[in-house]
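Q: I am attaching a structure below and will ask some questions about it afterwards.
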Amino acid sequence: PFVQTCLNSLFCTAANAVYKAKTVTVLRSRRYAAFLGGGTQIPADDRVTFWLDRIRNCVDCLLSLDKYRFGNCFIQQVSGIPIGGPISGVVLDICCALLEH
C-alpha cells in the first residue's frame with residue numbers, strides 16, 4: 001500500500017544517510033531540535049536517543065489499530081490508516097511531503 005511505501009522511503013532514507021544513522025537524537029534544551037545519529041552508550045541529561053528500528057516498530061503498531069467502538073457496536077477498519085489515530089496526522093504529512101518532493 002501507498003502508506004507503507006512512504007514509510008519505507010522515509011526510514012530507508014534515514015538509515016542510508018551519509019553516515020548510516022541508526023538512531024535519532026532529540027535535544028531536550030530546545031524545542032523541535034533533532035538530528036540523525038547520536039550515541040546510546042553514555043546517558044546524557046540534555047538529550048534522548050531513539051533507535052530507528054524501534055520507532056518503526058511503534059509506527060507499525062499504531063497503524064495496526066483498526067478496531068473502534070461505536071455505542072454497543074465494534075467496527076473494524078479494513079483499509080487505510082486509522083482515522084483520528086494518534087499517528088494518522090504525521091503519516092499523512094509524510095505521504096504528502098513525498099508526493100510533493
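Q: Could you work out how far apart the two model spin labels at residue 72 and residue 45 are, taking each label as a point 7 Å from the Cα in the direction of the beta carbon, and quote it in nm?
A: About 5.8 nm, to one decimal.
Q: Computing the accessible area with a 1.4 Å probe over protein heavy atoms, can you report the carbon and sulfur percentage for the chain?
A: 62
Q: A further question on this structure: What do you reckon, how do 64, 88 stack up by accessible area (1.4 Å probe), largest on top?
A: 64, 88
Q: Grab the DSSP H runs of the chain that are 4 residues or longer, score each as -39,500 (n - 2.57), total them, divide by all residues and round the 222 nm result to the nearest 500 deg cm²/dmol.
A: That comes out to -12000 deg cm²/dmol.
The values are calculated or read from the model by the stated rules, or taken from the named source; none is laboratory data. None of the values given here were measured: they were computed from a predicted structure. Cβ atoms come from the backbone with ideal geometry, glycine included; neighbour counts cover every protein chain shown. Ligands, DNA and RNA are excluded from the accessible area calculation, which covers all protein heavy atoms including side chains. Shrake-Rupley method; radii C 1.70, N 1.55, O 1.52, S 1.80 Å.
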